[in-house]
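Here the structure is laid out as structure tokens; the discussion comes afterwards.
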Amino acid sequence: MDIAVDKPRHPHAFSRPPSRSRLLRSLHGCLAERIAWETVPVAAPVIDLSPRKGALSRALISRGVREENLVLVDRDNERVSFLRGRHPAARILCVEATQIATRRDVSFGRRAGVVVSRLALARMAEHQVAGFLDDVFQHLLHEDGALYQITSLPRCPVAPAVLQRLGLYAERVAWVFWHLPPVAIYRINRPWLWSRLRL
């Protein structure tokens, strides 16, 4: 079931455009709730491939994810320096997100419970998307882990043929309609686990 985020609280709510900070809090809060539910009980690492200024990281920490279980990946040296100052206990890597699986020191020798991606997968060739997903599920995530993909598209940015080829299942778990443009969050995982979690 989709999660509707940040509904108006009174009849005049639509007359005041929400601030950008409020929109981002809606997105990060919604995503953090999902991720914390999966990772906090087992203390599994969380890898964020697009941490920007760490807003999602702060939302995760406020919901019980330990800072030392965060792995933040960015190719921009300035943002990496900023993140290292803001989250000293986290692992911060300066590397291209699509090449992260080649690093052997990603998550302290443990498989991650969740990988978060904002990569523009729809702009990539199918073989590149397939290679990225294969790396994530083969080298980064443990067997019951999941990739959370954020997209502004009205559909999953991964083609059904690619999902089928890799034995993966994608479901939209949230729709942040206050965000401009509206943003969807898709959970991609191995389908046998998803069916087990729903029992």
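Can you confirm whether Ala36 is of a type in the set (A, V, I, L, M, F, W, C) and within 28 Å of Val158 (Cα to Cα)?
Working: of a type in the set (A, V, I, L, M, F, W, C): yes; within 28 Å of Val158 (Cα to Cα): yes.
Spelling it out, Ala36 is indeed of a type in the set (A, V, I, L, M, F, W, C) and within 28 Å of Val158 (Cα to Cα).
Can you tell me which residues in region 84-106 are part of a helix (DSSP H, G or I) and surrounded by 14 or more Cβ atoms within 10 Å (Cβ to Cβ)? Spell out the reasoning first.
Our first condition is that a residue be part of a helix (DSSP H, G or I); within region 84-106, this holds for 84-86, 97-102.
Arg84, Arg86, Ala97, Thr98, Ile100, Ala101 - these are the residues of region 84-106 that are part of a helix (DSSP H, G or I) and surrounded by 14 or more Cβ atoms within 10 Å (Cβ to Cβ).
If the requirement is being surrounded by 14 or more Cβ atoms within 10 Å (Cβ to Cβ) and modelled with pLDDT under 90, which of these qualifies: Val129, Val176, Val162?
Values: Val129 fails: modelled with pLDDT under 90; Val162 fails: modelled with pLDDT under 90.
The unique qualifying residue is Val176.
Determine, yes or no, whether Ser152 is among the hydroxyl-bearing types (Ser, Thr, Tyr), surrounded by 13 or more Cβ atoms within 10 Å (Cβ to Cβ), modelled with pLDDT of 90 or more and over 21 Å from Trp37 (Cβ atoms).
Working: among the hydroxyl-bearing types (Ser, Thr, Tyr): yes; surrounded by 13 or more Cβ atoms within 10 Å (Cβ to Cβ): yes; modelled with pLDDT of 90 or more: yes; over 21 Å from Trp37 (Cβ atoms): yes.
Yes.
Going by what's in this entry, would Ala97 be described as among the aliphatic types (A, V, I, L, M), touching a strand residue (DSSP E or B) at 6+ places or on another chain (Cβ under 8 Å) and at pLDDT below 90? Walk me through how you get there before you give the answer.
Numbers: among the aliphatic types (A, V, I, L, M): yes; touching a strand residue (DSSP E or B) at 6+ places or on another chain (Cβ under 8 Å): yes; at pLDDT below 90: yes.
It is true that Ala97 is among the aliphatic types (A, V, I, L, M), touching a strand residue (DSSP E or B) at 6+ places or on another chain (Cβ under 8 Å) and at pLDDT below 90.
Looking only at region 69-83, decide whether some residue is assigned to a loop (DSSP other than H, G, I, E, B), of a type outside the set (Ser, Thr, Tyr) and without any contact (Cβ under 8 Å) to a residue 24 or more places away in the chain. Step through it out loud before you land on a result.
Here is the first cut: in region 69-83, the ones assigned to a loop (DSSP other than H, G, I, E, B) are 75-76.
Checking the rest, the ones that are also of a type outside the set (Ser, Thr, Tyr) come to 75-76.
When the remaining residues are screened for being without any contact (Cβ under 8 Å) to a residue 24 or more places away in the chain, the result is 75-76.
Yes, there is a match, as at least one residue in region 69-83 is assigned to a loop (DSSP other than H, G, I, E, B), of a type outside the set (Ser, Thr, Tyr) and without any contact (Cβ under 8 Å) to a residue 24 or more places away in the chain.
If you take the residues in region 46-68 that are among the β-branched types (Val, Ile, Thr) and not in a helix (DSSP H, G or I), which one is farthest from the chain's Cα centre (by Cα)?
Going residue by residue through region 46-68, those that are among the β-branched types (Val, Ile, Thr) are 46-47, 61, 65.
With the extra rule that they be not in a helix (DSSP H, G or I), the set shrinks to 46-47, 65.
Working: Val46: 9, Ile47: 8, Val65: 14 Å.
By that ranking, first place goes to Val65.
Which number in (1) part of a strand (DSSP E or B); (2) surrounded by fewer than 18 Cβ atoms within 10 Å (Cβ to Cβ); (3) at pLDDT 90 or above marks the one condition that Asp144 misses?
(3)
For residues in region 33-57 being basic (Lys, Arg) and buried (at least 16 other Cβ atoms within 10 Å of the Cβ), which is farthest from Val115 (Cα to Cα)?
Step one: list which residues in region 33-57 are basic (Lys, Arg), which gives 34, 52-53.
Still in the running and buried (at least 16 other Cβ atoms within 10 Å of the Cβ): 34, 52.
Values: Arg34: 12, Arg52: 15 Å.
It comes out as Arg52.
The values are calculated or read from the model by the stated rules, or taken from the named source; none is laboratory data. Keep in mind it's a predicted model, so treat the numbers as computed, not measured. Backbone-built Cβ (ideal geometry, glycine too); neighbour counts: all protein chains shown.
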